[in-house]
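Okay, structure first, notes after.
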Amino acid sequence: MTDLPQDAHRRLREQLGVYALGHGTPAERAAVGAHLDGCASCRAELAELAPLVGRLADVDPDRLDDVPGPPPGLGEAVLARIAAEGPRPADLAARRARRTRLQVAVAAVAIAAAAFGVGWLARPVPPQPPLEAVAVQVDRAGVTATAAVVPHTWGVEVKLSGSGFAAGEVYRLTVRDDAGREVAAGEFVGVGAQPLNCNMNSSVLRQDAAGFEVVDSAGAVVLRSDL
Ligand SMILES: [Zn+2]
């Protein structure tokens, strides 16, 4: 099996859960990996942890949302695994040791999840580009609309809010540049009286944009704005 001193071996074994989850420093991982090559007992132990790792891998970090904390279902996964093992008195010490390693692994994941949350909260928030409210002239009965534009490095964004766009009808927004060229900025479908908020993106740079308009599926102008 191995000729490591007993407590050195125990320390390596305690790393298995963390290793199985893909955590640990490169040096720690290398040490565990090298040991695994020569230790069938630890390889078997690692294989025992695999089902739990599979479940943890399914945890979507996006579901952690704003609140740092362990992934949902983590406690249940561990409890289910411990319960599934059932009582085997002859194996009690091994089970205790395994449970400890699982708890270490779970703690590592919880820490990683918390770090992820903290990292998410502390992530650099890019400065918001200025929102420029613009006047909108609506040429369609029943339609109300307001708009703002956002200058981006890649073009101008039109944030359109309104209601009264005929439900199911497809509308197109085009941005007009200084040279009179009409550039498509996207389409949206009307939702009737419900409020509609959509962001349309155009490749025309803000300084080159002279205005925009929204046309219905027949090409009739519904609203326009001069920039
Ligand atoms: Zn070993």
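The values are calculated or read from the model by the stated rules, or taken from the named source; none is laboratory data. Since we're looking at a predicted model, the values are computed, not measured. Each accessible area value is taken on the protein alone, full model and side chains, heavy atoms only, with ligands, DNA and RNA left out. Shrake-Rupley method; radii C 1.70, N 1.55, O 1.52, S 1.80 Å.
Descriptive notes on the structure:
- Quarter of Cα convex hull surface for segment 132-226, i.e. mean projection, nm²: 5.2 nm²
- Calculated accessible area for segment 132-226 comes out at 48 Å² per residue, all protein chains present (probe 1.4 Å; ligands, DNA, RNA ignored).
- Sulfur and carbon atoms: percent of accessible area, segment 132-226 [1.4 Å]: 51 percent
- Per-residue Karplus couplings for segment 139-153, computed as 6.51 cos²θ - 1.76 cosθ + 1.60 with θ equal to phi - 60°, are listed in order as 10, 9, 4, x, 9, 10, 7, 10, 8, 9, 10, 10, x, 10, 5 Hz, Gly and Pro entered as x.
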